[in-house]
Amino acid sequence: MKVVAIVVLPIVSFVLTLVAMLAMTGNLSPEGIAKLAGRGPAPVQEAPEPKDDIVARADDLKKREQELNERQARIEKDEKRLTETQAQMEELRSALQQMLLQITQAAEESDATQSERLTSVAQSLGGMKPAQAAKALEGWTPEEGAELLRLIDERVRGKILDSMDPDKTAAFLQAMQEQK
């Protein structure tokens, strides 16, 4: 019996140690014991997808990639066109500013020339006899005549207006008042 005790005691001690370890790790369940014994359930394998489904998905991904590449190319083309358009707009804006400057200068020169001409005509009228100056002004519109009379010395202007027809004089004086 001693022999049986010597053989059985280590085996029982091993089994009890194993049970204690399983209890401590939380694997003391029928599944854990079956796994330890090597007769556990077969691992669940996912069913492989059919090859047709994989090919279809690959084709879809290729189509999507091609669409994205085409879209990217369109975006790059649009960005390039936008950049070119902006450059053209800047050139046009610069050209318009240049033209505006030229037009402004030409208008100022024209105004200066017109002013010089009016001054010259006013001096000529001021140097004439009042009756002759009045006769010359009768062909002018009241607005133009008022501009000329404004440039003539007041004493000479009064003599010219005295020599004019009273209706014309009134029209010229009214135009001079409205121009102020």
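What the table below lists for this structure:
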| item | result |
| --- | --- |
| Full-extension gain in nm, Val8 to Arg117, via 0.36 nm per residue minus C-alpha separation | 25.2 nm |
| Ellipsoid semi-axes in whole angstrom, largest first, where each is sqrt(5λ) of the Cα gyration tensor of region 78-180 | 50, 14, 9 |
| Solvent exposure, largest accessible area first (probe 1.4 Å, DNA, RNA and ligands not counted), of Leu16, Leu151 | Leu16, Leu151 |
| Kyte-Doolittle at least -0.5, axis length at least 30 Å by Cα - qualifying DSSP helices, the chain | 2-25 |
| Spatial separation of Cα centroids for region 136-180 and region 89-122, in angstrom | 29 |
| Extended-chain gain in nm, criterion 0.36 nm per residue less alpha-carbon gap, Glu143 and Leu22 | 31.6 nm |
| Which of Met21, Met176 is most accessible, then next, and so on - probe 1.4 Å | Met21, Met176 |
| Translational D in µm²/s for the chain (Stokes-Einstein at 25 °C, 0.890 mPa s, Kirkwood Rh from C-alpha pairs) | 86 |
| Net charge dipole size for region 86-167 [Lys, Arg +1 and Asp, Glu -1 on Cβ; Debye, nearest 20] | 340 |
| Solvent-accessible area per residue, Å², over the chain with all protein chains present [probe radius 1.4 Å] | 84 |
| Modelled FRET efficiency - R0 35 Å, Thr169 with Ala106, Cβ distances, 0.05 increments | 0.40 |
| Surrounding net charge for Leu22, when Lys and Arg each add one and Asp and Glu each subtract one, Cβ distance under 13 Å | 0 |
| Overall form of region 115-160 per C-alpha gyration tensor (a/c, 1.5; a/b vs b/c) | rounded |
| Charge dipole of the chain about the Cα centre (unit charges at C-beta), most positive-ward option of Ile160, Leu100, Gly145 | Leu100 |
| Under 12 Å, Cβ to Cβ, from Lys159 - net charge with Lys/Arg +1 and Asp/Glu -1 | 0 |
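The values are calculated or read from the model by the stated rules, or taken from the named source; none is laboratory data. In this text the structure is predicted, and so the values were computed from the model without any measurement. When we count neighbours, we look across all protein chains shown, and the Cβ atoms used for this are built from the backbone with ideal geometry, even at glycine. Surface areas here come from the heavy atoms of the whole protein model, side chains and all, with no ligands, DNA or RNA. Shrake-Rupley method; radii C 1.70, N 1.55, O 1.52, S 1.80 Å.
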